[in-house]
Amino acid sequence: MSCKCKKSEDINVKDLRKSHKKIAEFSFEPKEIYRGYADRTLYINLSSNEVKIKPVPEDMKDKFTGGRGYGIKYLWDATKPDTKWNDPENEIIIAQGPIGGITQYPGAGKSYVATISPLTDIAIDSNVGGYFGPLCKFSGFDALEIQGKAGNDVIVFIDGDNNKVVIEEAPEECVNSHILAELLTKMYADSDADDDLRSVSVVSAGQAAENTRIGMLNFSYYDVRRKQCKLKQAGRGGIGTVFRDKKIKALVVKKSNIKGDLNNPADLDKVIKTGIKLHKEIHDNDDKQCRMRVFGTTQLVDAMNAHDLLPVKNFQYGSHPEGNKLGKEAFINLFEHGLPDGCWYGCTLACAHAVPGFELKTGPYKGEKVLVDGPEYETLAGCGSNCGIFDAEKVVECNFYCDTYGIDTISFGTLCAFVMECYERGILNKEITGGLELNFGNWEAQMEMLHQMARGEGFGMVAGQGVHRMKKLFIEQYGADAKLLQDIGMEAKGLEYSEYVSKESLAQQGGYGTTNKGPQHDENWLIFLDMIRNLMPTFEDKAEALYYFPLFRTWFSIAGLCKLPWNDIEPADNHKQAEPAKVPEHVQNYVDLFTAVTGKPFSKEELLRQSERVYNLQKVLSLKLGKGTRKFDAIPYRSVGPVTVEEYESRQDRYDKQLKEILGINPEGMSTEEKMAALRKYREERYETLLDTVYKRRGWTQNGVPTIEKLEELGIAYPDVVEEVKKHL
Amino acid sequence: MKIVRTKPELCIGCRACEETCSKVLHKDTNNEKSAIIITEKENSTFDINVCNQCGECIPICPVEAIYRAKNGTVMINKDKCVHCYACVGFCPNLSMRYQKDVTGPFKCISCGACTRECPTGAIFMEEVQG
């Protein structure tokens, strides 16, 4: 490819635009949003260059609500049982929900992206901030559905001001996102005025998305104060890999004159009052609670390290004496403070912080000073502590390159940690890695592996296949111990784990294991409730939590909201409520908002039911694509208990005590191996009992399959859905 | 800059200021649309709430719609405003307003019209260091 990897200010945007070749243009009738919905989807087929508007059927709207619900429904319709991630019929769907795009309530700018994942071969969904979703919606579309594969690199431009869609071949531009987003924002904006630049948003990936299975998408927004584009990431599951496989260089949307009433809500006054209430709460309480406005999610590093939950050296350990070097103290100086860092208008939780003027020390942009979005907790834990790297600036650099190359920092961190452990255990050596000394803590080797992913060469190409495929390769080609790799390879369903040590929380083990898409924490985060506060002592308690929270959290993805303003800020009296973990007042806010926007009667119960329909359809889609049964909810033992003698002995007091008090085994006189075996037997049996209990609570068979009765109860017993389920009953 | 200062102990609750403000800002005599708010307390005394032009709302605005004018007054550019109302929730003095029949947040613009209507001198304009 021709890649002019120059800084955007060095490029003549007008000349570059001339290199584009228009291959399709489509004009559409403008449509205002009514009560949160446009009731239509923009469909684009890149194989045929067909562009059309698909009305959203009333039944689809009623049953699947929006956002991820629409994404999963479109994937259900588009795929066959043998559809793979790189088949033309695979789709990328970007959708908001009905509440998405309101400017008054924090966290309403999210887009939800769905596709068949190159890592898991089933549906992946990923949420992302930035302006693309709202601007696309206000251009008149609840969802953007992209199918097919282009012959050459294309840019899809959705011009919401002039009601047209243009597909252009775009051969010249660099694909790396920190350059491309800036460039295309200037190229497609009406002028260089701030208000025009903030009317454009770009979706892009990067070079490494082309060469790995862990590609992600950057969604941009123009920051009027920094005079630069910022990037938010739809990170999980290789969506960027699918994007580049379809030869999409970028999606661009332009929609000007954004105001707070564009959703045309049924009760704008209620929306505004609910929003102001939360703004005030954040103003009054954030400094006393999570300090998201100051530190964002970086403050989690300190909390996780303190509770033995921070992954260290491929999840072997949960804390490290240097762990806090990656935490909030580092970011007092690194972040630029005092800016309204929301990734959509009105998000006063403002966690989207950035490191300004960061001088890069490696790679093709070495010596340049760049703006780095984040890092978030997951990146610090994954690319930092989990790889034995305890220098915040080194993680910032890794974060920058992952973002601009278009790869997921969570998968990258977890797979890098896996590779490092394999290297230290002698499974890999310098000969295999092409000279990379991938010991824990070797940041230079980590960065070189990352640059190799971008260049499409060397061991980076192996690592970029992800942990699941590396395990197979190392066993088959390098004679690695299959059982050990199964235990220490932190993936399930093909997706790398996100960055929490779940060994001491059975509920979190189940939370990771029973997710539809693979072990990602957005569906469940139960560690504190379970492990620290012991609020769910029985299997039934845990199963209830594993019923409620995944559904509650799924709702954000169908309504069009961010999860963080739910419980990263709380009312001052929340602790006095009957179920403080649910943050009841905020749940009521969501009920109020849904009714205020859509005009439909709504309740806490209906909220769960909306989610449950989408959740179960996604489950059946997994069945259709060859997974979805109980055996795919198996998890690596590293996420359940100590795999190695060193791990056991590092927390010997804890484990010995459990043997004695829970199992009635006297550990004295036993070898560590014997104690590990006894503990393992207990913990693995416990996990299976949890699965039994969770499946029952969810209305599934003991093989993890939704029953026909459950589908009927939810109103989604469509003939093709029932037919698929019947194969597994 | 000149700001509206208050002596609540002189307020008699006539609300002439509210009516005037609503007229100036919105061409309406609806006291709920006033940027200056009189609240009756127990024992027939009154609170007067009006913007002190501190400017803490300025960095809160995501689109730089709020700015300090040359005369020092904090103003809102209605064309730029995206109606997020972050400024209302974050005003330390609770002086940024929302009213359901007014599009967008609004506030005292230090025009002084209210002070000219006050019969007791409970509100008055005063030059302060900006």
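The values are calculated or read from the model by the stated rules, or taken from the named source; none is laboratory data. Here the structure is a predicted model, which is why all the values come from computation and not from measurement. Using ideal geometry, Cβ is built from the backbone for each residue, glycine included, and neighbour counts are taken over all protein chains shown.
Quick look at the numbers
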item: Residue check, A:S2 in a loop (DSSP other than H, G, I, E, B), at pLDDT below 95 and not assigned by TED's automatic domain parsing to the domain that holds A:T554; result: yes
item: Filter result (under 23 Å from A:G240 (Cα atoms) and of a type outside the set (A, V, I, L, M, F, W, C)) within segment A:458-478; result: A:G458, A:G460, A:G464, A:Q465, A:G466, A:H468, A:R469, A:K471
item: Any hit, segment A:82-93, residues being more than 24 Å from A:G464 (Cβ to Cβ) and among the basic types (K, R); result: no
item: Residues that are part of a loop (DSSP other than H, G, I, E, B) and of a type outside the set (D, E, K, R), drawn from segment B:50-67; result: B:V50, B:C51, B:N52, B:Q53, B:C54, B:G55, B:C57, B:C61, B:P62, B:V63, B:A65
item: Subset of segment B:40-79 (residues that are more than 14 Å from the chain's Cα centre (by Cα) and away from chain A (no Cβ under 13 Å)); result: B:E40, B:K41, B:E42, B:N43, B:S44, B:T45, B:F46, B:R68, B:A69, B:K70, B:N71, B:G72
item: Those residues of segment A:179-193 which are farther than 12 Å from A:S220 by Cβ and in a helix (DSSP H, G or I), in sequence order; result: A:M187
item: Any hit, segment A:512-521, residues being in a helix (DSSP H, G or I) and either closer than 18 Å to A:P311 by Cβ or among the charged types (D, E, K, R) (or both); result: yes
item: Selection within segment A:7-26 - exposed (fewer than 12 other Cβ atoms within 10 Å of the Cβ) and modelled with pLDDT of 95 or more; result: A:K22
item: Considering residues of segment A:195-224 that are away from chain B (no Cβ under 14 Å) and assigned to a loop (DSSP other than H, G, I, E, B) only, the residue nearest to A:Y401 (Cα to Cα); result: A:G206
item: Any chance A:K246 is under 21 Å from the mean Cα position of the chain (by Cα) and over 23 Å from A:P88 (Cα atoms); result: no
item: Selection count, segment B:29-61, where residues are under 15 Å from B:V102 (Cβ atoms) and modelled with pLDDT under 95; result: 1
item: Top-ranked residue of segment A:235-263 - restricted to ones that are within 13 Å of chain B (Cβ to nearest Cβ) and in contact with an Asp or Glu (Cβ under 9 Å, 6 or more places away or on another chain), ranked as nearest to B:G89 (Cα to Cα); result: A:L262
item: Only one of A:K110, A:K14, A:K31, A:K54 that is charged (D, E, K, R) and more than 23 Å from A:V166 (Cβ to Cβ); result: A:K110
item: All positions within segment B:68-98 that are assigned to a loop (DSSP other than H, G, I, E, B), in contact (Cβ under 8 Å) with a residue 24 or more places away in the chain and within 22 Å of A:A108 (Cα to Cα); result: B:K78, B:C81, B:C91
item: Filter result for B:T29 (among the hydroxyl-bearing types (S, T, Y), away from chain A (no Cβ under 14 Å) and touching a helix residue (DSSP H, G or I) at 6+ places or on another chain (Cβ under 8 Å)); result: yes
item: Residue tally, condition surrounded by 17 or more Cβ atoms within 10 Å (Cβ to Cβ) and at the interface with chain A (Cβ under 8 Å from one of its Cβ atoms), over segment B:82-103; result: 9
item: Scope segment A:284-293; condition assigned to a helix (DSSP H, G or I) and either surrounded by 20 or more Cβ atoms within 10 Å (Cβ to Cβ) or more than 14 Å from chain B (Cβ to nearest Cβ) (or both); matching residues; result: A:M292, A:R293
